[in-house]
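Below is one structure, written out as structure tokens; comments come after it.
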Amino acid sequence: MSTLMGKTALVTGSSRGIGRATAVRLARDGALVAVHYTANKDAAEETVSAIRGGGGRAFAVRAELGVPGDVDELFAGLEAGLVEHTGATALDILVNNAGVMGGGSAQETTPELFDRLFAVNVKAPFFLIQRAMANLSEGGRIVNISSGLSRIASPGVVTYALTKGAVEHLAPHFAKLLAPRGITVNTVAPGVTRNDSPVFDNADAVAEMARMSAFDRVGEPEDVADVVAFLASPQGRWVTGAFLDATGGSLLG
Ligand code: NDP
């Protein structure tokens with residue numbers, strides 16, 4: 001399929017995990033993809049190489065999110081890469097995927113950790129969308145990655161869950177604002193999804209996490225990437241402001 005031929009995409013946090021799978025899938029669909037990362041340059045370059053090896057087009061962009069100047073730094077690299085590859089700075093697809101999990105329990109969250117989780121998971125996506133509005137083409141696509149945890153009471157990670165509850169609210173507001181330009185804005189909420197965490201090397205832990213899903217397995221990054229790719233495609237044109245449950249049935253109870 002080459003449904004995204006001639007399109008450009010930025011996937012934040014696409015050196016690894018769900019972001020990498022999304023970058024690979026969008027590139028396979030024909031998009032030129034900006035592979036964003038912060039610390040793991042080798043992983044970002046591996047993603048770019050994997051895309052190029054498959055005949056796709058990609059370049060890496062580094063910027064730490066959640067710190068002053070983050071959006072400007074990211075867009076400086078993004079626009080330089082877009083100009084180099086396309087001669088222009090138009091962006092068709094923005095996937096706000098980068099996020100920090102880690103801690104945030106009801107009893108132990110510190111004000112510093114609270115601020116850090118909100119800075120990366122909520123403030124950065126908000127201002128990335130605000131900044132991207134100047135670059136986004138008619139018919140553009142924005143997808144924000146949340147988590148099924150926003151809908152499951154989880155005292156152990158309450159602060160993380162709060163950030164995901166907040167990020168979900170970007171979709172309806174920006175969807176209404178950007179609909180006149182044909183731009184859709186949606187949320188995709190993964191359930192437990194395999195990433196580099198050592199917990200996925202522990203068979204007992206994986207079996208326990210799998211039980212959360214109606215399909216009795218943990219999600220693979222590609223399970224989520226395929227949902228994002230649908231929203232990013234021309235076929236997703238009539239879906240906006242929506243919350244898509246991509247948890248493999250983990251919210252069914
Ligand atoms: P990973 O932990 O595998 O990768 C995180 C990515 O985000 C990396 O590319 C990392 O870059 C980047 N990143 C992290 N912090 C920052 C920062 N401060 N600034 C810039 N980039 C940053 O992610 P997952 O695939 O596990 O998760 C992706 C998204 O999905 C997140 O929003 C997460 O909350 C959500 N999610 C994940 C679930 C899961 O079970 N995995 C479940 C539900 C939701 P680098 O490689 O340079 O470190």
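Just so you know, all these numbers are worked out from the coordinates, no wet-lab data involved. Everything quoted here is computed from the prediction, not taken from an experiment. Note that we place each Cβ from the backbone using ideal geometry, even for glycine, and neighbour counts take in every protein chain shown.
Some points to look at:
- Complete set of residues in the stretch 116-152 that are among the aliphatic types (A, V, I, L, M), under 25 Å from Gly77 (Cβ atoms), within 12 Å of the ligand (Cβ to nearest atom) and in a helix (DSSP H, G or I): Leu117, Ala119, Val120, Val122, Ala124, Leu128
- Filtering the stretch 52-93 to residues that are among the β-branched types (Val, Ile, Thr) and under 14 Å from Gly13 (Cα atoms) leaves Val61, Val71.
For every residue, the table says whether it meets (1) within 13 Å of the ligand (Cβ to nearest atom); (2) farther than 23 Å from Thr163 by Cα; (3) within 19 Å of the chain's Cα centre (by Cα); (4) surrounded by fewer than 22 Cβ atoms within 10 Å (Cβ to Cβ).
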| residue | (1), (2), (3), (4) |
| --- | --- |
| Val61 | yes, yes, yes, no |
| Ala80 | no, yes, no, yes |
| His85 | no, yes, no, yes |
| Ile93 | no, no, yes, no |
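- Residues that are farther than 20 Å from Val228 by Cα and of a type in the set (A, V, I, L, M, F, W, C) were ranked within the stretch 138-155; the one that is surrounded by the fewest Cβ atoms within 10 Å (Cβ to Cβ) is Ala153.
- Taking every residue in the stretch 238-253 that is touching a residue at least 60 places away in the same chain (Cβ under 8 Å) and pairing it with any residue that is among the hydroxyl-bearing types (Ser, Thr, Tyr), at least 6 positions away or on another chain, the pairs with Cβ-Cβ distances below 6 Å are Thr240/Thr184; Phe243/Thr187; Ser250/Ser213.
- Considering residues of the stretch 207-241 that are within 26 Å of Thr47 (Cβ to Cβ) and in contact with a Pro (Cβ under 7 Å, 6 or more places away or on another chain) only, the residue surrounded by the most Cβ atoms within 10 Å (Cβ to Cβ): Val224
Table: residues versus (1) more than 24 Å from Gly156 (Cα to Cα); (2) among the small types (Gly, Ala, Ser); (3) touching a residue at least 12 places away in the same chain (Cβ under 8 Å).
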{"site": "Ala31", "(1), (2), (3)": "yes, yes, yes"}
{"site": "Arg62", "(1), (2), (3)": "yes, no, yes"}
{"site": "Ala80", "(1), (2), (3)": "yes, yes, no"}
{"site": "Gly87", "(1), (2), (3)": "yes, yes, no"}
{"site": "Ile93", "(1), (2), (3)": "yes, no, yes"}
{"site": "Asn96", "(1), (2), (3)": "yes, no, yes"}
{"site": "Val100", "(1), (2), (3)": "no, no, yes"}
{"site": "Lys123", "(1), (2), (3)": "no, no, yes"}
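- Of all residues making up the stretch 183-206, the number that are away from the ligand (no atom under 14 Å from the Cβ) and surrounded by 14 or more Cβ atoms within 10 Å (Cβ to Cβ): 4
- Spans of helices (runs of 4 or more DSSP H) in the stretch 162-253 with at least 1 residues more than 30 Å from Met5 (Cβ to Cβ): 170-178, 203-210
This table checks each residue for (1) near the ligand (Cβ under 7 Å from one of its atoms); (2) among the polar types (S, T, N, Q); (3) closer than 22 Å to Asn121 by Cβ; (4) surrounded by fewer than 20 Cβ atoms within 10 Å (Cβ to Cβ).
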residue	(1), (2), (3), (4)
Ala9	no, no, yes, no
Val24	no, no, no, no
Tyr37	yes, no, yes, no
Gly55	no, no, no, yes
Leu74	no, no, yes, no
